[in-house]
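Chemist: Have a look at this one before I ask anything.
The values are calculated or read from the model by the stated rules, or taken from the named source; none is laboratory data. Here the structure is a predicted model, which is why all the values come from computation and not from measurement. Cβ sites come from the backbone with ideal geometry, for glycine too, and all protein chains shown count toward neighbours. Only protein heavy atoms, including side chains, enter the accessible area calculation; ligands, DNA and RNA are left aside. Shrake-Rupley method; radii C 1.70, N 1.55, O 1.52, S 1.80 Å.
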Amino acid sequence: MAAERPVRKKPQQNHAEVVRTERLTPHMVRVVLGGEGLAGFTAGEFTDHYIKIVFPLEGIEYPQPFDMAQIRADLPRDQWPTVRTYTVRAWDPTARELTVDFVVHGDEGVAGPWAVRARPGEKVYFMGPGGAYAPAEDADWHLLAGDESALPAIAAALERMPAGAPVRAFIEVADAAEQQDLKLPANAEVVWLHRGASAVGEQLVDAVRRMDYPAGDVHAFVHGEAGFVKELRRYLRVEREVPRERLSISGYWRRGHDEDGWQASKREWNQQVEAEQETAPAS
Ligand SMILES: Cc1cc2nc3c(=O)[nH]c(=O)nc-3n(C[C@H](O)[C@H](O)[C@H](O)COP(=O)(O)OP(=O)(O)OC[C@H]3O[C@@H](n4cnc5c(N)ncnc54)[C@H](O)[C@@H]3O)c2cc1C
């Protein structure tokens with residue numbers, strides 16, 4: 001569903017070590033990676049740079065050096081490591097530190113629980129970075145909307161906003177304790193939405209639909225749970241007629257599906273959304 005084409009080159013294989021971790025809020029853990037393995041790593045073109053973190057399965061001997069392409073060629077699928085996608089919240093080439101913020105969404109899953117347990121010195125393998133979005137210099141205004149999973153990318157975008165154009169950011173989190181102090185440009189207005197007992201994204205869709213929609217050319221970044229992303233895509237694309245190339249919009253995760261399940265069904269989901277929305281009359 002994202003309008004921009006992600007950068008696709010041969011995935012760069014990297015390794016790093018956990019340098020430190022920090023509990024930013026009750027449901028967000030920051031993991032800072034570092035070490036010699038990051039000597040060849042670069043990022044900065046996009047504010048939504050992401051990496052694919054590789055979690056080896058217990059009990060499987062993987063060939064060294066760790067190479068995903070070789071693993072996929074040589075080992076049966078049920079022995080492939082688990083792969084999870086995370087935003088580069090910050091990259092400091094001088095300190096050689098890569099910061100990743102993980103939503104802690106319970107005991108389920110691989111990456112969330114791993115981040116809670118991660119300790120300094122632990123080795124981490126990952127591929128990337130990829131990326132597709134950075135705030136356009138020539139937009140009249142910017143819209144950022146997302147749940148906690150998109151908060152790292154929204155925070156990175158806010159730090160790189162061009163001067164002048166107004167920015168409206170809508171961030172939905174569980175409750176007030178999940179709000180973070182963000183570095184904001186002077187032209188930004190951030191609305192924190194507290195989910196409480198409502199369904200993920202419900203408040204976000206409502207708030208974006210109800211905002212006083214500025215005139216002019218918008219550049220929008222909307223990511224998070226696939227269900228609400230679909231609704232906001234319809235609103236922006238069909239009702240507000242935002243051109244595709246001005247929309248960075250995709251589901252980062254999907255309720256009831258792990259990342260493998262979501263990635264496997266994502267293409268079909270996106271095709272269906274496009275088929276529904278690209279022919280839909282504005283209501
Ligand atoms: C480009 C991109 C960038 C991303 N950046 C980030 C990031 O910076 N930080 C981040 O935390 N996530 C980010 N995500 C989302 C993250 O990849 C998924 O949330 C992923 O499913 C988490 O893996 P897991 O092993 O913890 O859970 P999984 O094993 O994938 O899922 C287990 C269960 O948890 C549910 N679940 C997954 N994520 C969430 C969630 N956020 N809240 C509630 N329930 C959930 C699933 O639906 C499933 O039922 C990004 C995704 C993409 C595509």
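Chemist: Could you pull out every residue, at least 5 positions away or on a different chain, whose amide H is within less than 5 Å of the one on R20? Hs are placed 1.01 Å off N in the peptide plane, and Pro or chain starts have none.
Modeler: Excluding prolines and chain starts, which carry no amide H, the hits are V32.
Chemist: In degrees from 0 to 90, rounded to the nearest 10, what is the angle of the helix 259-278 Cα long axis to the longest principal axis of the chain?
Modeler: 20 degrees
Chemist: Further question on the same structure: Dipole size in debye (nearest 20) for the chain around its Cα centre, Lys and Arg Cβ +1, Asp and Glu Cβ -1?
Modeler: Dipole size: approximately 340 debye.
Chemist: If each DSSP helix of 4+ residues adds -39,500 (n - 2.57) and the sum is divided by the residues in the chain, what number results at 222 nm, nearest 500 deg cm²/dmol?
Modeler: One gets -6000 deg cm²/dmol as the mean residue ellipticity at 222 nm.
Chemist: A further question follows. Compute the orientation-averaged projected area for segment 52-184 from the convex hull of its Cα atoms and round it to one decimal in nm².
Modeler: Averaging across all directions leaves 10.9 nm² for the Cα convex hull.
Chemist: A follow-up question, please. Tally up the carbon and sulfur contribution to the accessible surface of the chain as a whole percent, 1.4 Å probe, everything protein left in place.
Modeler: Roughly 47 percent of what the probe reaches on the chain is carbon or sulfur.
Chemist: How much net charge surrounds Y86 when only other residues with a Cβ under 10 Å from its Cβ are counted (Lys, Arg +1; Asp, Glu -1)?
Modeler: With Lys, Arg at +1 and Asp, Glu at -1, the net is +2.
Chemist: Where nothing but the Cβ of Lys and Arg (+1) and of Asp and Glu (-1) is charged, how large is the charge dipole of segment 141-278 around its Cα centre, in debye to the nearest 20?
Modeler: Roughly 320 debye, rounded to the nearest 20.
Chemist: For F66 paired with E276, estimate the spin-label separation in nm (one decimal), with each label point 7 Å from Cα along the Cα-to-Cβ line.
Modeler: The answer from the label model is 3.8 nm.
Chemist: Over all directions, how big on average is the projection of the convex hull of the alpha-carbon atoms in segment 120-187, in square nanometres?
Modeler: With the hull built on Cα positions only, its mean projection is 6.5 nm².
Chemist: Can you give the convex hull volume of the alpha carbon atoms of segment 13-130 per residue, in Å³?
Modeler: Convex hull of Cα atoms, per residue: 113 Å³.
Chemist: Residue by residue through segment 66-82, which ³J(HN,Hα) values in whole Hz follow from phi under the Karplus form 6.51 cos²θ - 1.76 cosθ + 1.60 (θ = phi - 60°), with glycine and proline marked x?
Modeler: 4, 9, 4, 4, 5, 4, 5, 6, 9, 10, x, 4, 6, 9, 5, x, 7
Chemist: Starting from the amide H of M28, placed 1.01 Å from N in the peptide plane, find each other amide H under 5 Å away whose residue is 5 or more places distant or on another chain.
Modeler: V104
Chemist: What is segment 162-280 by shape, rounded, prolate or oblate, if you read a ≥ b ≥ c off the alpha carbon gyration tensor as root eigenvalues and call it rounded for a/c under 1.5, prolate for a/b larger than b/c, and oblate otherwise?
Modeler: oblate
Chemist: What is the sum of charges, Lys and Arg at +1 and Asp and Glu at -1, for the other residues whose Cβ falls under 12 Å from the Cβ of Y252?
Modeler: Computed value for this residue: -1.
Chemist: In addition: Using a 1.4 angstrom probe and counting only protein chains, how large is the accessible area of K230 in Å², to 10?
Modeler: 60 Å²
Chemist: Please list 3J(HN,Hα) in residue order for segment 248-255, calculated via the Karplus relation 6.51 cos²θ - 1.76 cosθ + 1.60 where θ = phi - 60°; whole Hz, with x for glycine and proline.
Modeler: The phi angles translate into 9, 8, 6, x, 7, 7, 9, 3 Hz.
Chemist: In whole Hz and in residue order, list the ³J(HN,Hα) couplings for segment 169-178 that follow from phi through the Karplus curve 6.51 cos²θ - 1.76 cosθ + 1.60, θ = phi - 60°; x for Gly and Pro.
Modeler: Each residue of segment 169-178 in turn: 10, 10, 10, 9, 10, 4, 7, 4, 5, 8 Hz.
Chemist: Taking the Cβ of R209 as the centre, find all other residues whose Cβ is under 12 Å away and add up their charges (Lys, Arg: +1; Asp, Glu: -1).
Modeler: -2
Chemist: For segment 214-283, what ratio Rg/Rh do Cα atoms give with a Kirkwood hydrodynamic radius?
Modeler: 0.99
Chemist: Accessible area per residue for the chain in Å², computed with a 1.4 Å probe and the full protein assembly in place, what is it?
Modeler: Per-residue accessible area for the chain comes out at 49 Å².
Chemist: Can you pick out the pairs among K230/K266; K52/K230; K183/K266 whose Cα atoms lie more than 21 Å from each other?
Modeler: K52/K230; K183/K266
Chemist: Can you tell which of H219, Y125, T279 lies farthest toward the positive end of the dipole of the chain, using +1 and -1 charges on the Cβ of basic and acidic side chains (Lys, Arg; Asp, Glu)?
Modeler: So the residue we want is Y125.
Chemist: Got a sec? Charge dipole of the chain, +1 on Cβ for Lys and Arg, -1 for Asp and Glu; which of L204, W91, F41 is way out at the positive end?
Modeler: Farthest towards the positive end: F41.
Chemist: Could you work out the per residue convex hull volume over the alpha carbons of the chain, in cubic angstrom?
Modeler: Normalising the Cα hull of the chain by residue number yields 140 Å³.
Chemist: For segment 13-130, give the magnitude of the charge dipole about the Cα centre (Cβ charges: +1 Lys/Arg, -1 Asp/Glu; no others), in debye to the nearest 20.
Modeler: With only Lys, Arg, Asp and Glu charged at Cβ, the dipole is about 180 debye.
Chemist: Rank T82, T42 by accessible area, highest first, at a 1.4 Å probe radius?
Modeler: T42, T82
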